[in-house]
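The values are calculated or read from the model by the stated rules, or taken from the named source; none is laboratory data. What you are looking at is a predicted structure, and each value in this text was computed from that prediction instead of being measured. Neighbour counts run over all protein chains shown; Cβ positions are idealised from the backbone, glycine included.
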Amino acid sequence: MRSIFEEPNPRVTDIFERWEQGYQVSRVLQVGVEVGVFPALSGSPASAGDLAQRLGLDPEGARKLCAALTAMGLLEHDGHAYRNTELAEAHLVPGRPLYRGDGIEHGGDLYFRWSGLGNLVREGRWGDTPAHPAPGDAGATRRFILAMHNYSVAGRAQAVALAADLDGARRLLDLGGGPGTYSIALCQRFPGLEATVRDLAHTHPYAREVIESYGMQDRVRLEAGSWDDEDWGRDYDAVLMSNVLHGRSELNQAKVRRAHAALRAGGQFLVHDFVVNPDGRGPLSAALFDFNVAAYRFDDLVADLRAAGFTDVRGVPLTDSPQTLVVCRKPGT
Ligand SMILES: C[S@@+](CC[C@H](N)C(=O)[O-])C[C@H]1O[C@@H](n2cnc3c(N)ncnc32)[C@H](O)[C@@H]1O
């Protein structure tokens with residue numbers, strides 16, 4: 001007889017329980033944000049029944065949702081009513097500087113892609129996945145652009161600005177700059193710098209919201225344009241592509257060449273993205289992002305930068321970031 005009592009390994013059980021059903025907490029959080037639990041409870045605690053009435057929810061649904069959000073540490077109950085915990089109040093109530101709700105809702109928008117992952121792995125056809133956000137979907141575009149701000153303002157933009165060396169630079173081109181958060185951080189770190197955030201015009205209303213909320217509209221300017229345009233302007237001291245060079249492709253190689261053309265001699269090109277280790281495996285953040293869209297391998301990125309004429313290509317360490325910063329220079333002075 002083999003004893004069943006010799007089998008349990010709590011550490012392994014814990015790891016697999018987190019991975020097996022990790023999407024469950026993710027969905028509970030996404031739905032909590034989507035239906036508006038946290039702003040509804042901000043400054044106004046309520047029973048699950050009252051919350052259901054306020055938000056037009058099924059009372060049983062509200063009860064289960066509040067119970068799960070409490071177990072996740074996002075709500076607390078004092079015997080009478082639910083209220084937001086400090087964590088939820090700081091990050092899940094719209095208008096807070098470190099609000100995460102757009103990022104969480106954007107995660108909900110991407111959920112359909114991940115639920116089809118098995119088919120993609122079996123059959124390929126990666127190119128068939130519809131573009132996200134779909135052209136013309138203003139709600140999804142808003143969530144997407146503000147999600148980029150949520151992610152970057154929580155530390156990634158500051159990490160890039162602190163790692164960058166743009167002393168003396170005056171003109172930065174932030175290609176596909178989205179909400180402009182990286183430009184804001186770089187301009188605040190380097191007082192002589194002004195940035196042009198070049199992105200599709202339909203993203204501008206959301207970028208304007210972000211840039212004006214930091215009072216940076218005089219130094220962070222929006223420019224409507226596509227990376228498909230041949231000419232992005234000339235004589236920039238620096239070009240930034242943050243989360244814009246997702247994986248090796250002809251389009252991304254063309255973007256690298258256009259960055260080179262937009263720079264003055266001696267100008268710097270900063271690439272910030274999920275980048276896969278030279279051995280093609282990990283880190284986990286980049287391996288996962290490779291499913292979501294695609295991710296460059298470090299060596300391929302370096303090779304494409306050199307092929308476009310850049311020199312002094314090097315990875316720059318970032319503190320507490322799941323992403324990689326690669327910096328290089330257009331030759332000359
Ligand atoms: C993943 S977001 C990155 C935003 C920002 N750079 C960051 O790191 O937070 C990609 C950006 O590329 C922009 N984009 C998509 N297609 C584009 C195009 N054809 N030309 C210029 N920008 C484009 C999107 O609107 C979005 O702002």
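Structure values in brief
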| read-out | value |
| --- | --- |
| Residues located in segment 127-143, provided they are without any contact (Cβ under 8 Å) to a residue 40 or more places away in the chain, part of a helix (DSSP H, G or I) and either touching a helix residue (DSSP H, G or I) at 6+ places or on another chain (Cβ under 6 Å) or surrounded by 15 or more Cβ atoms within 10 Å (Cβ to Cβ) (or both) | 140 |
| Every pair of residues 6+ apart whose Cβ atoms lie under 7 Å, when the first sits in segment 170-193 and is not assigned by TED's automatic domain parsing to the domain that holds residue 265 while the second is surrounded by 20 or more Cβ atoms within 10 Å (Cβ to Cβ) and assigned to a strand (DSSP E or B) | none |
| Residue satisfying condition, being exposed (fewer than 15 other Cβ atoms within 10 Å of the Cβ) and either over 19 Å from residue 152 (Cβ atoms) or at pLDDT 95 or above (or both), within set 263, 284 | 284 |
| Number of positions in segment 25-76 that are touching a strand residue (DSSP E or B) at 6+ places or on another chain (Cβ under 8 Å) and not in a helix (DSSP H, G or I) | 7 |
| Which listed residue is within 11 Å of the ligand (Cβ to nearest atom), touching a residue at least 60 places away in the same chain (Cβ under 8 Å) and within 21 Å of the chain's Cα centre (by Cα), from 160, 239 | 160 |
| Leading residue by the ranking (farthest from the ligand (Cβ to nearest atom)) among those in segment 215-230 that are acidic (Asp, Glu) and closer than 18 Å to residue 263 by Cα | 230 |
| Residue count for segment 270-281, restricted to those that are surrounded by fewer than 24 Cβ atoms within 10 Å (Cβ to Cβ) and either in contact with a Cys (Cβ under 8 Å, 6 or more places away or on another chain) or touching a residue at least 24 places away in the same chain (Cβ under 8 Å) (or both) | 2 |
